[in-house]
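The values are calculated or read from the model by the stated rules, or taken from the named source; none is laboratory data. Note that the structure is predicted; figures quoted are calculated from it, not measured. Every residue, glycine as well, gets a Cβ built from its backbone with ideal geometry; the counts of neighbours run over all protein chains shown. In case anyone asks, the SASA skips ligands and DNA or RNA and just uses the protein heavy atoms, side chains included. Shrake-Rupley method; radii C 1.70, N 1.55, O 1.52, S 1.80 Å.
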Amino acid sequence: MKPGENSDRQLNDWAEQYQSELEKQASDRGATVESLLLSGDFNAIREWLELWEEEDKAPDSLRQKYNETYAKLKRKILSRGTVIDN
């Protein structure tokens, strides 16, 4: 194992975990919106969307954690001149 690969692996593992959690969160949010659409409660949909937007902007939000982890991993890999796919 080359130096730095372990921390790369850890960052990658965290990014994958955050991505998996984001996918579950998106699915849950989608189910909420679908339920509200079926009930015709459009005001509630707007309120939920505004709430989620604020939640996602918070520094400790799942989305921010994923973005920070992915950016760190990408910088580390690019600093070695390795090509990565998005």
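Some values worked out for this structure:
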quantity	calculated
Options 45, 77; residue that is at pLDDT below 95 and among the β-branched types (Val, Ile, Thr)	77
Hits in the stretch 55-83 - residues which are of a type in the set (Val, Ile, Thr), open to solvent by less than 70 Å² (accessible area, probe 1.4 Å) and more than 21 Å from residue 20 (Cβ to Cβ)	82
Any hit, the stretch 52-59, residues being in a helix (DSSP H, G or I), small (Gly, Ala, Ser) and modelled with pLDDT of 95 or more	no
Test: residue in the stretch 16-26 that is aliphatic (A, V, I, L, M), in contact with a Leu (Cβ under 8 Å, 6 or more places away or on another chain) and in a helix (DSSP H, G or I)	yes
The one condition in (1) open to solvent by less than 90 Å² (accessible area, probe 1.4 Å); (2) more than 22 Å from residue 80 (Cβ to Cβ) that residue 7 fails to fulfil	(2)
